[in-house]
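Let me begin by presenting the structure, written as structure tokens, before commenting on it.
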Amino acid sequence: MNLFKSTTVMAGLLLTAAMGLSFDAHGQGAQKAPWPVFSPTVKGGWVPDRPTGDDFLPPASGPGPVMSDPAHPYVPNGGGRQPTYRVADLSNPILQDWLKPSMKKANDDVLAGKVPYITRERCWPAGVPGFAVYTRGGQPSLFLQTENKVTIINELNTQVRHIYLNVPHSKNPKPSWYGESVGHYEGDELVVDTIGLNARTFVDNYRTPHTEKIHVVERFKLIEDGKILQDTITVEDPGAFTTKWSAVQRWRHTDRELEESSCAENNYEFFNYDVVPIPQASKPDF
């Protein structure tokens, strides 16, 4: 068992103690938790429920996220067809005009055969709501739930979100990569409110910018008898979007353990391109 697996198992054991649960030999909870349990065992997590799971689904009604340009449909890898890079649909009415030139340039670069900036391939944090589509293939996310906090770990580049429960937002949170997320349970849903995000991330994989005014609300809920985890997302940013808009992400459960995933040590040499520099520290943090 590698270090990352050991850490994941230890986190699961700490979670068990905090919840007051006992597990049987198969890792199943013997007692019911006082909240919906999104990771029922210390093994496994959630992976996208469809081939293009790293894109948002549109809401049932109302304004939705930026998606693929119909004239240049996105084709993911592994489907038996020639894969493509994403070209954003700039006709989406949620976009303020100032966003479009940079997005058009990115589109033009793709259509000219250039490799676009992709957050996960350059090892940068995904932010919120980008974290919900920050994945690739079968790399799972694990939910660690305690009385006062929910921690979400995504295997890809070991990205981590911290959600603090039943507390108010800080008065003036300092902008950061993942902002300040506070949450509470409403019946069978975990409701997460995030503010305090910096403007260095994109809201999706179509390179849609946002400002520090962005406010994101997510509602996590198990559906289809617990086989699917759904995240209904609402985004409001008067500095970037013409209106509030919504999106949906869905994951299915997998028994595969999370593994160590190092980005900076592998990416540039493997792909042999340098779209955006990989983040590096000028001095050690220890």
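The values are calculated or read from the model by the stated rules, or taken from the named source; none is laboratory data. Note that this is a predicted model, so its numbers are computed, not measured. Neighbour counts run over all protein chains shown; Cβ positions are idealised from the backbone, glycine included.
Reported count of residues in the range 157-179, each being closer than 21 Å to residue 120 by Cα and buried (at least 20 other Cβ atoms within 10 Å of the Cβ), is 5.
For the range 61-77, the set of residues classified as within 21 Å of the chain's Cα centre (by Cα) and in a loop (DSSP other than H, G, I, E, B) consists of 63, 64, 65, 66, 67, 74, 75, 76, 77, listed by residue number.
Scanning the range 60-73 for residues that are under 18 Å from residue 210 (Cβ atoms) and either of a type in the set (Val, Ile, Thr) or surrounded by fewer than 17 Cβ atoms within 10 Å (Cβ to Cβ) (or both) turns up just one, 66. Restricting 47, 87 to those that are out of contact with any helix residue (DSSP H, G or I) (no Cβ under 6 Å at 6 or more places or on another chain), hydrophobic (A, V, I, L, M, F, W, C) and surrounded by 12 or more Cβ atoms within 10 Å (Cβ to Cβ) reduces the list to 47. Look at (1) touching a residue at least 60 places away in the same chain (Cβ under 8 Å); (2) farther than 23 Å from residue 260 by Cβ; (3) exposed (fewer than 14 other Cβ atoms within 10 Å of the Cβ) and you find that residue 106 fails only one, number (3). Of all residues in the range 109-130, exactly one satisfies the criterion of being at pLDDT 90 or above, surrounded by 21 or more Cβ atoms within 10 Å (Cβ to Cβ) and assigned to a helix (DSSP H, G or I), namely 130. Candidates are the residues of the range 202-218 that are within 19 Å of residue 118 (Cα to Cα) and among the charged types (D, E, K, R); the one that is surrounded by the most Cβ atoms within 10 Å (Cβ to Cβ) is 204.
Strands (runs of 3 or more DSSP E) fully within the range 131-244 that include at least 3 residues being touching a residue at least 40 places away in the same chain (Cβ under 8 Å), under 26 Å from residue 33 (Cα atoms) and within 19 Å of the chain's Cα centre (by Cα): 141-145, 149-154, 189-195, 215-223, 228-236.
Looking only at residues in the range 191-201 that are buried (at least 23 other Cβ atoms within 10 Å of the Cβ) and of a type outside the set (Ser, Thr, Tyr), the one that is nearest to residue 239 (Cα to Cα) is 197.
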